[in-house]
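One structure is given below, encoded as C-alpha cells.
The values are calculated or read from the model by the stated rules, or taken from the named source; none is laboratory data. No experiment lies behind these values; they were computed from the predicted model shown. Backbone-built Cβ (ideal geometry, glycine too); neighbour counts: all protein chains shown. What goes into the accessible areas is simple: the full protein's heavy atoms, side chains included, and nothing from ligands, DNA or RNA. Shrake-Rupley method; radii C 1.70, N 1.55, O 1.52, S 1.80 Å.
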Amino acid sequence: MSAVLTALAVAGCGVPPDLRQSTSPSTPATASAPTSVPTPPVPPATGLPTTAPDLSSPTADAGLVATSCRSGPTGQQVIQLLRGRASVLPDGVRVQVGTGPLCAADWQYTVLKVTGYEELRVVTRGRPGAPQLVTAGTDVCNAEVRVVAPPGIRTLACDGGTVGVPGA
C-alpha cells in the first residue's frame, strides 16, 4: 500500500502540462479573438463637466487664523475682567484697547495700552460674553498657550506675528 501512495505522490510531481514541450511538431497555436467588453455610451462632448462642482465656499478652521471677534468679547469686557476677578489692573490706571480682541476658535487675544506702563497682552478663552483669563503680561507665550491655543492665537502670542490680523 505504501508503494502505491509513493508512486502516486511521485507521479504528481512531474512538469505541469502547460510547460511540457511537445515532441511532435505541431502548428503554432492560433490566437483566439479577443472578447469585447461592452462599454457604456459616452455622452457628447459639450465642454461642461458631467458632475456639478461643489460651489459652496470653503470654510477654514476657526482656529487657524485670528480675526476680529464678531460676537465678543469686547475690549471693555477684557478690561473689566482684568480689573475685577483677575486683579491685574488697578482701578486708577487708564487703559485703552490697542489691538483686538481677535478670536480664533474659542480663544481671544487683546493688546491693551496702559498709561505709564508697557503694552499689556491678554489671552482669554471661553464664551464670548464671559471670557476667562488664560494669561496677561508682556510675554503671554506660556505653556498653555503654546500647547493648547489654536494656531491663530499661538502665532500672535508666541511669534509676535500678524497672521490673520486684517490690515497688518
Using a 1.4 Å probe, how large is the accessible area of V95, given in Å² and rounded to the nearest 10? 20 Å²
Shape metrics for the range 88-147, restricted to C-alpha atoms - Rg then Dmax, Å: 11.6, 35
Two-site label geometry, D139 and E119: point separation in nm, points 7 Å out along Cα→Cβ: 1.7 nm
